[in-house]
Amino acid sequence: MALSVIRDAMEHLAQGNPVAEYGWRWLAGRAPGSSGPLTLIHGDFRVGNLLVTPDRLTGVLDWEFTHVGDPLEDLAWPLVRDWRFGNDALRVGGVGRLDDYLAAYQGATGHTVDRAALRWWEVLGNLRWAVFCHAQAERHLSGQDRSVELASLGRKAAEMEWELLDLIRQEEAA
């Protein structure tokens, strides 16, 4: 997802957000080049959108965010903090280790993953989800669509903002 889409979403929110602004500027100044040819990507590739049996993957749900983009966008999306459901020790959707995940990806595709570029996409994913959580909460707060689920997403935004700041801190310390 392009930074411009996130910028547009940020500008449509009723309140300014210093964490989102800081994250957006940090990302804008460090955008990696493409990791390879642009491909069709899912746009919401995470454990919650996978159908699995004990033996194999049987389906992938929710294709409404599909677009042409950098494959690292999909590869990084399951690393977003919210998709770990509190199991932060397993960074890949709360169910897997990053090294195993990347080894499987590299084995299946033959592409070596640039970890710095993947980290950039992970920071972007946390920013994206934080901004969209704020937007969902605003739908509730404005009265447009009263919903406990939408209201609760406003609180989830703070977790993504914390993760965003922590990931940036780690990158700056390296």
Check off (1) open to solvent by 50 Å² or more (accessible area, probe 1.4 Å); (2) out of contact with any His (no Cβ under 9 Å at 6 or more places or on another chain) for GLY23 and give me the number that stays unchecked. (1)
Residue by residue through the stretch 134-148, note down the ones that are among the charged types (D, E, K, R), free of Cβ contacts under 8 Å to residues at least 12 places away in the same chain and surrounded by 13 or more Cβ atoms within 10 Å (Cβ to Cβ). ARG139
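Tell me, yes or no, whether the stretch 93-103 has at least one residue that is among the hydroxyl-bearing types (Ser, Thr, Tyr) and open to solvent by 50 Å² or more (accessible area, probe 1.4 Å). Spell out how you get there, then give the answer.
Restricting attention to the stretch 93-103, the residues satisfying the condition of being among the hydroxyl-bearing types (Ser, Thr, Tyr) are 101.
Checking which are open to solvent by 50 Å² or more (accessible area, probe 1.4 Å) leaves us with none.
Checked the stretch 93-103: no residue is among the hydroxyl-bearing types (Ser, Thr, Tyr) and open to solvent by 50 Å² or more (accessible area, probe 1.4 Å).
May I ask you to verify whether ALA31 is touching a residue at least 24 places away in the same chain (Cβ under 8 Å), farther than 22 Å from TYR101 by Cα, not in a helix (DSSP H, G or I) and not aromatic (Phe, Trp, Tyr)?
The answer is yes for ALA31.
Quick one: which of ALA151, ALA116 is closer than 15 Å to GLU73 by Cα and surrounded by fewer than 18 Cβ atoms within 10 Å (Cβ to Cβ)? Spell out the reasoning first.
Numbers: ALA151 fails: closer than 15 Å to GLU73 by Cα.
Only one candidate passes the filter, namely ALA116.
Yes/no per residue for (1) of a type in the set (A, V, I, L, M, F, W, C); (2) free of Cβ contacts under 8 Å to residues at least 24 places away in the same chain; (3) in contact with a strand residue (DSSP E or B) (Cβ under 9 Å, 6 or more places away or on another chain); (4) buried (at least 16 other Cβ atoms within 10 Å of the Cβ):
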residue: MET10; (1), (2), (3), (4): yes, no, no, yes
residue: ASP55; (1), (2), (3), (4): no, yes, no, no
residue: VAL60; (1), (2), (3), (4): yes, yes, yes, no
residue: ASP74; (1), (2), (3), (4): no, no, yes, yes
Test of understanding: among ASP55, ASP74, ASP62, ASP44, which residue is closer than 22 Å to TYR105 by Cβ and not in a loop (DSSP other than H, G, I, E, B)? ASP74
Does GLY29 qualify as being within 16 Å of the chain's Cα centre (by Cα) and either open to solvent by 30 Å² or more (accessible area, probe 1.4 Å) or among the small types (Gly, Ala, Ser) (or both)? no
So, in the stretch 129-172, how many residues would count as being farther than 17 Å from LEU13 by Cα, out of contact with any Asp or Glu (no Cβ under 9 Å at 6 or more places or on another chain) and among the acidic types (Asp, Glu)? 4
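Tally up the residues in the stretch 76-92 that are on the phi < 0 side of the Ramachandran plot, loosely packed, with under 14 Cβ neighbours inside 10 Å and of a type outside the set (Gly, Ala, Ser), please. Steps first, please.
Taking the stretch 76-92 as the starting set, the residues that turn out to be on the phi < 0 side of the Ramachandran plot are 76-84, 87-92.
Still in the running and loosely packed, with under 14 Cβ neighbours inside 10 Å: 87-89.
Now drop any that are not of a type outside the set (Gly, Ala, Ser), which leaves 87-88.
So the count comes out to 2.
Taking the stated definitions as given, is VAL131 among the β-branched types (Val, Ile, Thr), touching a residue at least 24 places away in the same chain (Cβ under 8 Å), surrounded by 13 or more Cβ atoms within 10 Å (Cβ to Cβ) and farther than 23 Å from GLY36 by Cβ? Even if it seems obvious, please write down each step before you answer.
On the way: among the β-branched types (Val, Ile, Thr): yes; touching a residue at least 24 places away in the same chain (Cβ under 8 Å): yes; surrounded by 13 or more Cβ atoms within 10 Å (Cβ to Cβ): yes; farther than 23 Å from GLY36 by Cβ: yes.
Spelling it out, VAL131 is indeed among the β-branched types (Val, Ile, Thr), touching a residue at least 24 places away in the same chain (Cβ under 8 Å), surrounded by 13 or more Cβ atoms within 10 Å (Cβ to Cβ) and farther than 23 Å from GLY36 by Cβ.
The values are calculated or read from the model by the stated rules, or taken from the named source; none is laboratory data. No experiment lies behind these values; they were computed from the predicted model shown. Note: ideal-geometry Cβ built from the backbone for every residue, glycine included; neighbour counts use all protein chains shown. Just the protein is used for accessible areas: all its heavy atoms, side chains included, with ligands, DNA and RNA removed. Shrake-Rupley method; radii C 1.70, N 1.55, O 1.52, S 1.80 Å.
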